[in-house]
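Below is the structure I would like to discuss, written out as structure tokens.
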Ligand code: COA
Ligand code: AMP
């Protein structure tokens, strides 16, 4: 096998040769005319002319090639006390039948289907069934509120929605169906059919003529085969936070995605077919799409679908139990999960209760992996702990310590090197063009073309794609992250360059929260910042200026604001703190100085900008923050 350096260099100098070779690992019903068509850059097309079916590559192919009796998916649910295992043959049959039921409802190639489900096997079955039919799924995370779901319904215009009746959060049942009904009521676009998985913890009332019981749909048809689609046809649309309240519909194609994800399983994660791989995330996030569902199955591995939390279901030893019970060799999760475990079991004593002899490597991503957490995980688990960096937009890692080539020495705080296909450069923010010298921070950008699997565009929004990612640094994809590359070529991701924050590994827009606060009738002006949090990495905190003449108590208004964000965005925003201030700090040109507010909250030194309108306001902000307990240290 070539070295990392050889492969990386070849992926950039000969992308067609490199990815054309990787594509041999995928089954195509028609081979490509061209590996890479970049004539209409930055709208890159990979494997043009080729046809395939992603579900076939995930399931049927393995049944045909001797993996019928190997487990494809293990559902482990400490919140319901259930463990269910599905072989490749069983999962193929379930997916093919459910796809048949969907086809009977009229769903076919190119149709959009929204999936709003908790972490149950049926979520993966629904995704794969859509892929089987060539329908385009769009999974919406269960922690989002009805209005967020409505926004996605109006953008994706699904013919159908597949939902669970409820999700199970520790200590409470979240009824999804009323949220779904509300979302459909709010949305302008109305889906023709809804398929509801009735969970026994909360059965939902079905709307006649629109709603169908999952079981009836699944048993209404014989299994159906796979529909071939173009490599460049969309497999799914996944909405992610942008800089406003309007989410961006990241499009994933079928061909490039299959090639890149299959390649990543061995080269990035060092997983072999037959190994057990566990991404402890949620199917509502990109990690869940790529590494709970598609990549492990494309690779013929066994994937774990875990319905629980790292702590409290029932305790901080849950992850070790799952690793032991199912012989997990590689775990991938967000650092916040480890911070939660460490908080409850600081000495890692629970690890001693389990046999982790099969466990090989821990991968962390989704937010900055702080050195404390990495060192604690290394000491506790005694396996390599590897940070890696990627985004919903790329679908698979851009920066990683690629274990398949042999693990490089770890530098704490760095996801190591650029992954094959990603020509990562640090660009001076000031001019959007000059490359920064080693060790100096700038905007992290990827020289085009992006490799297979990365977003070809935004859903029905080419213009938004150009504006969000491709315009600021011509010839490059702008990641929205800031960081540097050191003299040894190690990449460091330091912060976002926009208003996106990362709360417990969940990507959220403070701009979106500001839009909600601004909608409160008593609010004249507002700002939301992300402050540091020991457990979740960051937490949002709101500041509001009230309209003149409002006489209600500040505390009542803040309570309403918290409730409003929960209602409009969802509990996942974890928006729990707001303060009323007389005015917001601004530059003379009216720009709110959010960066300085964040530094005050985090007790970091800051320099008063020369352009500040009135420096006295910073004292007022410090005072307002102290009333809600900031800075914490
Ligand atoms: N459906 C409905 N509600 C949900 C939900 C879902 N699928 N997922 C989360 N929520 C709710 C939670 O119940 C919580 O509500 P609350 O405010 O009433 O308590 C809120 O959204 C925030 O949830 P969460 O971010 O999960 O925080 P938590 O305090 O419940 O748990 C951690 C904290 C660290 C244990 C948890 O965030 C975690 O396990 N993170 C792992 C990282 C991860 O999965 N990252 C994804 C990208 S890799
Ligand atoms: P998402 O699209 O939800 O996967 O979030 C992507 C964003 O999360 C990135 O743009 C980064 O800001 C952040 N992120 C993901 N992985 C890492 C990492 N390993 N280190 C630092 N930040 C990360």
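I'd like the distance separating the alpha-carbon centroids of segment 6-72 and segment 568-633, in whole Å.
Here the two parts' Cα centres lie 48 Å apart.
Which order do 213, 486, 270, 282 fall in if you start with the one that has the fewest other Cβ atoms within 10 Å?
Listing 213, 486, 270, 282 from fewest to most nearby Cβ atoms yields 486, 213, 270, 282.
While we're looking at this one, here's another question. Quick one: if the Förster radius is 25 Å, what FRET efficiency do residue 556 and residue 535 give, using the C-beta to C-beta distance and rounding to 0.05?
According to the calculation, E is roughly 0.35.
So if R0 is 41 Å, what FRET efficiency would residue 623 and residue 325 give, r being the distance between their Cβ atoms, rounded to the nearest 0.05?
For residue 623 and residue 325, the calculated efficiency is 0.20.
Label residue 616 and residue 108 with points 7 Å out from Cα along Cα→Cβ: what is the distance between them in nm?
That separation, rounded to one decimal, is 7.1 nm.
Viscosity 1.567 mPa s, temperature 4 °C: Stokes-Einstein D of the chain from its Kirkwood Cα radius, in µm² per second?
Rounded to a whole number, D works out at 51 µm²/s.
Got a sec? How would 226, 58, 558, 130 order by Cβ neighbour count within 10 Å, fewest to most?
Ordered from fewest to most neighbouring Cβ atoms within 10 Å, 226, 58, 558, 130 come out as 558, 226, 130, 58.
Give the calculated FRET efficiency between residue 355 and residue 68 to the nearest 0.05, with a Förster radius of 45 Å applied to their Cβ-Cβ distance.
Working from the Cβ atoms, E equals 0.95.
Listing 19, 46 from the residue with the fewest other Cβ atoms within 10 Å to the one with the most, what is the order?
Fewest to most other Cβ atoms nearby, the residues stand as 19, 46.
Restricting to DSSP H runs of at least four residues, report the calculated mean residue ellipticity at 222 nm for the chain, -39500 (n - 2.57) per run over all residues, nearest 500 deg cm²/dmol.
-8000 deg cm²/dmol
Tell me the relative contact order for segment 504-627 as a rounded percent, counting alpha carbon contacts under 8 Å between residues six or more apart.
Contact order relative to length: 23 percent.
In square nanometres, what is the average projected area of the Cα convex hull of segment 504-627?
7.7 nm²
Under 13 Å from the 7 Å Cα→Cβ point of residue 448, by amide nitrogen: which residues of segment 33-49?
37-45
List the residues of segment 102-133 whose backbone N lies under 11 Å from a point placed 7 Å from the Cα of residue 220 along the Cα-to-Cβ direction.
102-107
Values quoted throughout were computed directly from the atomic coordinates according to the rules given, and no laboratory measurement underlies them. Predicted model only: the values in this text are computed from it and were never measured. Backbone-built Cβ (ideal geometry, glycine too); neighbour counts: all protein chains shown.
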